[in-house]
Amino acid sequence: MSAEDKLALDTQLMEVYLTGLQSEIEAKLRRVAKFRGELKKIDTAGRRAEKTARQRSARALMAQVDDMLETNLTVRDMLLELKAAAEAVLKDLQD
C-alpha cells in the first residue's frame, strides 16, 4: 500500500470516528434536555398528593445520570480511538 493510500485510509477512519463522536454527543444533549424535563417535574410546587410523582421523577433522574455516565465512558473511548487515528495520520505524513 502506498503512503498516499495509507494516509487516505487513516483520514477516512478519522472521519468515521468523528461521525460516531458527533452522534454520541448529540445523544448526550438529548439526555440533558430530558433531564431538565424531569427536574422541572420535581421542582414544581405541588400538593402532597403529587409527592409520589415527584419521587418517580427523582428516580428517573438517577437513571438518566447513570445513562449519561455510561455515555461519558463511550465518548472517552471514542476520543482515544480518534487520537490514535490522528497519530497514525501524523506518522503517515512523517514517512
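Computed from the coordinates by the stated procedures, all read-outs in this text should not be read as laboratory data. Since we're looking at a predicted model, the values are computed, not measured. Backbone-built Cβ (ideal geometry, glycine too); neighbour counts: all protein chains shown.
Odds and ends about this structure:
- Choice from 77, 67, 43 with maximal GNM fluctuation in the chain (Cα, 10 Å cutoff): 43
- FRET efficiency for the residue 31 to residue 54 pair, using the beta carbon distance and R₀ = 25 Å, is estimated at 0.80.
- Ascending count of other beta-carbon atoms within 10 Å, so fewest first, for 78, 62: 62, 78
- Think of the stretch 3-89 as having a plus end and a minus end, set by charges on the Cβ of Lys, Arg, Asp and Glu; of 61, 89, 22, 61 sits farthest toward the positive end of this dipole.
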